[in-house]
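So the structure is just underneath, and the comments pick up after that.
The values are calculated or read from the model by the stated rules, or taken from the named source; none is laboratory data. In this text the structure is predicted, and so the values were computed from the model without any measurement. Ideal geometry is used to build each Cβ from the backbone, glycine not excepted, and the neighbour counts take in all protein chains shown.
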Amino acid sequence: MENFELEDAVKEVMDGILPKKSRKIYEAQYDTFVKWCCQRKLENVNEDVLLKSKTLSSSTLWAHYSMLKTMLNVKRNIDVSKFYKLSAFLKRKSEGYKPKNAKVLTLDQIDKFLLEVPDKDFLMIKVALIFGVAGACRGKELHQLTISDVTDMDHALLVNVRNTKNNVDRNFIINNSNKNGIDLIEVCRKYMALRKPETTHSRFFVRYEKSQCTVQAIGKNTFGKIPQKVAEYLNLPNSTLYTGHCFRRTSASLLADSGASIDVWKRHGGWKSASVAEGYIENSINTKKIVADSIFGLGVWK
């Protein structure tokens, strides 16, 4: 094999290491790091060079470390995991750090919005709320949803979620099990029935204005702002903290409060790790009540 063929083969294998969905982000981070080194005339990458990022926040440090660790291994065959001073520094920086997670909605707040808000102006937002919470959907997943992903089974709606962030396709059901008797299926059907026949694309969510759907697909940035609009209508404090992750976190929190097992929770959201699930269950008020009742002999742990 010629040298250039060998180089191409190695490049192909190494490129396969990078996550496909975030490859550009990894490469941009590496390019920024290379430019930073060039500006300071730093030819060799070592532990001291990487420690220069100490002014960044804990979450940024860990994100940069993870990306640079991969890229330096791919591009320069440097094993950053052996930089023990750097690892110790990152752990110290993360002590006491609390990430700013998106705020979540309660079931009562969701019901209040669905019952009180007029369909005339908010029908699309209602449907996005129902889909997002029922399926623990990310904003991007709602944006990518197509009409072929939604099947009306008369008694329920079956929704398929594809091409997810963690490459785990999943599906979920929307039915009328709401405790306040809200007909969730009919809310969704009303919106679906307003889709114009002349719509040329297959995106499920289209713009909704003055009780009518347009042919224009909703942009991905709009989905990131929908939870905030719900919070604003409900006059909830700090409405800007209801970000694009709100519906997914709300779904996880409601499921944790129901007493569902970690395995059920993982399947529902497509999470591969139990550590994330344990975090939600740990913060579940219902779970804490069960623990308290069990300690004082008032209940039995299930």
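Remarks
- Scanning the range 124-140 for residues that are touching a strand residue (DSSP E or B) at 6+ places or on another chain (Cβ under 7 Å) and not in a loop (DSSP other than H, G, I, E, B) turns up MET124, ILE130, PHE131, ALA134.
- Selected residue (only one of PHE247, PHE205 is aromatic (Phe, Trp, Tyr), in contact (Cβ under 8 Å) with a residue 60 or more places away in the chain, out of contact with any strand residue (DSSP E or B) (no Cβ under 8 Å at 6 or more places or on another chain) and in the same structural domain as ILE147 (by TED's automatic domain parsing)): PHE247
- Test for ALA193: is it surrounded by fewer than 16 Cβ atoms within 10 Å (Cβ to Cβ) and either assigned by TED's automatic domain parsing to the domain that holds ASP111 or without any contact (Cβ under 8 Å) to a residue 60 or more places away in the chain (or both): yes
- Within the range 114-123, tally of residues that are assigned to a helix (DSSP H, G or I) and either β-branched (Val, Ile, Thr) or under 15 Å from GLU186 (Cβ atoms) (or both): 4
- Counting only strands (runs of 3 or more DSSP E) that sit completely within the range 162-263, those holding 1 or more residues that are polar (S, T, N, Q) correspond to 170-174, 212-217.
- Condition check for PRO99 on (1) touching a Leu at 6+ places or on another chain (Cβ under 7 Å); (2) modelled with pLDDT under 85; (3) not in a helix (DSSP H, G or I): one failure, at (1).
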